[in-house]
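Have a look at the structure below, then the notes.
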Amino acid sequence: MTDHDLSTMHVALAEAQAAAARGEAPIGAVVLDPVTGEIIARAGNAPISSHDPTAHAEILALRAAAALVGNYRLTGLTLVVTLEPCAMCAGAISHARIGRLIFGADGAKGGAVVHGPRFFEQPTCHWRPEVTSGVLAEESAALLRSFFRKRRKGPVAKL
């Protein structure tokens, strides 16, 4: 883990906080060019507001980066995300040919990188990024815990 990993994760955490402010699960993602240090794209979770179950922070950031560079293959770029990606996002990361994945908190319930299906370890996975986990993990996990604690204490939805 480098100082640059930490500073980029802080940007992803800001995206996660913005998502929480919109009522979305607080997950943020950033696509970074590690050669230039330039942030290519950033996004927070948005499935609720966009009415799109695929609008996870990772997917939105990958889409924005691909549009910016004019190619669906993002070979050599780095994806920084606050929570371990799910199976859908891990598949998208593989298809995009992301060079390095950095994530914060483990996703014991829905993660698919070090938990669940361990997507990148499967023989059918055609592209495996370098993976660094645990970057600002406690900060990422605390944001998620706080968000869901408040939601559980909120008013009961009427059906």
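The values are calculated or read from the model by the stated rules, or taken from the named source; none is laboratory data. Because the structure is a prediction, the values reported are computed rather than measured. A quick note on method: Cβ atoms are made from the backbone with ideal geometry, for glycine too, and the neighbour counts reach across all protein chains shown. We work out accessible area using only protein heavy atoms, side chains counted, and drop any ligands, DNA or RNA first. Shrake-Rupley method; radii C 1.70, N 1.55, O 1.52, S 1.80 Å.
Points to keep in mind about this one:
Quick grid of which residues meet (1) surrounded by fewer than 16 Cβ atoms within 10 Å (Cβ to Cβ); (2) hydrophobic (A, V, I, L, M, F, W, C); (3) in a loop (DSSP other than H, G, I, E, B):
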{"position": "Ile102", "(1), (2), (3)": "no, yes, no"}
{"position": "Ala108", "(1), (2), (3)": "yes, yes, yes"}
{"position": "Val114", "(1), (2), (3)": "no, yes, yes"}
{"position": "Phe120", "(1), (2), (3)": "no, yes, no"}
{"position": "Pro123", "(1), (2), (3)": "yes, no, yes"}
{"position": "Trp127", "(1), (2), (3)": "yes, yes, yes"}
{"position": "Glu138", "(1), (2), (3)": "yes, no, no"}
{"position": "Leu144", "(1), (2), (3)": "no, yes, no"}
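- Given (1) touching a residue at least 40 places away in the same chain (Cβ under 8 Å); (2) farther than 22 Å from His126 by Cα, index of the condition Gly23 fails: (1)
- Qualifying residue in region 44-62 (condition: farther than 13 Å from Leu77 by Cα and in a strand (DSSP E or B)): yes
- No other residue among Ile48, Ile40 is modelled with pLDDT of 95 or more and surrounded by fewer than 18 Cβ atoms within 10 Å (Cβ to Cβ) apart from Ile48.
- Residue match in region 3-20 (condition: surrounded by 14 or more Cβ atoms within 10 Å (Cβ to Cβ), part of a loop (DSSP other than H, G, I, E, B) and in contact (Cβ under 8 Å) with a residue 60 or more places away in the chain): no
- Failed item in (1) touching a Phe, Trp or Tyr at 6+ places or on another chain (Cβ under 8 Å); (2) on the phi < 0 side of the Ramachandran plot, with Gly99 passing the rest: (1)
- Close Cβ contacts (under 7 Å, 6 or more residues apart or on different chains) running from residues in region 138-149 that are closer than 16 Å to Arg22 by Cα to residues that are open to solvent by 40 Å² or more (accessible area, probe 1.4 Å) and part of a helix (DSSP H, G or I) comprise Leu143/Gln17.
- Filtered residues of region 64-91 (kept if in a strand (DSSP E or B) and surrounded by fewer than 18 Cβ atoms within 10 Å (Cβ to Cβ)): Thr75
- On inspection, Ser94 passes the criterion of being assigned to a helix (DSSP H, G or I), closer than 22 Å to Asp33 by Cα and over 13 Å from the mean Cα position of the chain (by Cα).
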